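The next block holds one structure in the form of structure tokens; read it before the comments.
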Amino acid sequence: MKGLYSALMCSFDEQGKVNEQGLREIVRHNIDVSKIDGLYVNGSTGENFLISKEQKKQIFDIVKDEAGDEVKLIAQIGALNIDEAIELAQFATSLGYDAISAVTPFYYKFEFEEIKDYYTTILEHVDNDLIIYSIPALTGVNMNLEQFGELFEHEQVIGVKFTAPDFFLLERIRHAFPDKLIYSGFDEMLLPASVLNVDGAIGSTFNVNGKRAKQIFELAQSGQIDEAREVQKVTNDLIAEILDNGLYQTIKEILIFKGVNAGLCRKPMKSLTDDGISKAKQIAEKYL
Ligand code: SI3
């Protein structure tokens, strides 16, 4: 399960419906062009929190059908409705997903005991491994070392997708739990996370910049830090321009420029203006 995973984008049409052909093309681009090790399906980048349960199932189904066993597949099934999370976990597991992942429950400012209960309840109902999805900037859920340790006591909890700029905590988790999988979540911080010996990374920009991300990870693993820093620098120039123009919309527009039918984002995300589309093309020409 180690390696680099694209946080998979999904292609939506003007009505907000899943564009099956477009989604298949995004999967193929990640596997054939970006040479990614795996796909993280229905995460933030997949606009998971903007779509229905039926659409989530449709996406899990299409991605597994297209990717088969060519790369590892992680299904993000986390939902505030725990029945939905369980149903999605069982569905993805029945399709053959290699692991499930669940975002920490958010919005109601749950206590840690409630968060722990959420994970144990999901795992009582599904025979699969689980990766905690921690992204405090978006969920407001900040867990400390001891709390990660309590969640890791469950043998089905095999790791964490760590999307935070807290390298002190990352190092402490790495040191305390050498057998758990840690995936770095911020693409612009891949090099420092790799130096701290994470097992892999999951990122939105890997949909278009997967080759550079892999280079950074592999150079860091072999101790070639100066070389890795150069690649991270170009990567961060690219990411800064993408963020400035609109993260998911710009990645989709770059994919479209590359001939992949990446479609639109779901409302309420806005579409790129004509200027934004031109900027995305310039970014693609400059960096990719
Ligand atoms: O679940 C997911 O789609 C992710 O893996 C998200 C990933 O951590 C991305 N975070 C968000 C909020 O999109 C990053 O890849 C991020 O887009 C990138 O580092 C640019 O800031």
- [ ] Using amide H atoms built 1.01 Å from N in the peptide plane, name the residues 5+ places from Val157, or on other chains, whose amide H lies under 5 Å from its own.
- [x] Leu130
Task: Spatial separation of Cα centroids for the range 153-195 and the range 218-246, in angstrom - done: 19 Å
Task: Backbone N under 14 Å from the His154 label point (7 Å along Cα→Cβ), restricted to the range 44-77 - done: 77
Task: Whole-Hz couplings from phi, Karplus 6.51/-1.76/1.60, listed for the range 187-204; x for Gly and Pro - done: 4, 6, 10, 4, 5, x, 5, 5, 4, 7, 6, 5, 8, x, 8, 10, x, 6
Open item on the list: Restricting to Cα pairs below 8 Å that are 6+ residues apart, what does the relative contact order work out to for the range 3-213? Please round to a whole percent.
Closed with: 21 percent
TODO: Note down the nm distance, to one decimal, between modelled labels 7 Å out along Cα→Cβ at Ser52 and at Asp127.
DONE: 3.2 nm
- [ ] Mind checking which of Phe91, Gly78, Gly210 is farthest towards the positive end of the chain's charge dipole, using Cβ charges of +1 (Lys, Arg) and -1 (Asp, Glu) about the Cα centre?
- [x] Gly210
TODO: Using a 10 angstrom cutoff on alpha carbons, build the Gaussian network for the chain and name the most mobile of Ser278, Ser184, Ser101.
DONE: Ser278
Open item on the list: How large a share of the accessible area of the chain, in percent, is made up of carbon and sulfur atoms when the probe is 1.4 Å and the other protein chains stay in place?
Closed with: 49 percent
Task: Rounded accessible area per residue of the chain, 1.4 Å, Å² - done: 44 Å²
Task: q = 0.07, 0.08, 0.12 Å⁻¹, the chain: log10 I(q)/I(0) [Debye, one scatterer per Cα] - done: -0.23, -0.31, -0.72
Task: Inter-label distance for Lys35 and Asn197, nm, one decimal - labels placed 7 Å from Cα along Cα-to-Cβ - done: 2.7 nm
TODO: Which order do the peptides 199-207, 228-236 take when ranked by the mean count of other beta-carbon atoms within 10 Å per residue, highest first?
DONE: 199-207, 228-236
TODO: Please list, in chain and number order, the residues 5+ apart from Phe177 or on another chain whose amide H is under 5 Å from its amide H, with Hs placed from the backbone.
DONE: none
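The values are calculated or read from the model by the stated rules, or taken from the named source; none is laboratory data. A quick note: this is a predicted structure, and the numbers were derived from the prediction, not measured. Reconstructed Cβ throughout: ideal geometry from the backbone, glycine too, with neighbour counts over all protein chains shown. The protein model used for the area step is the full one, side chains on, heavy atoms only, and it has no ligands, DNA or RNA in it. Shrake-Rupley method; radii C 1.70, N 1.55, O 1.52, S 1.80 Å.
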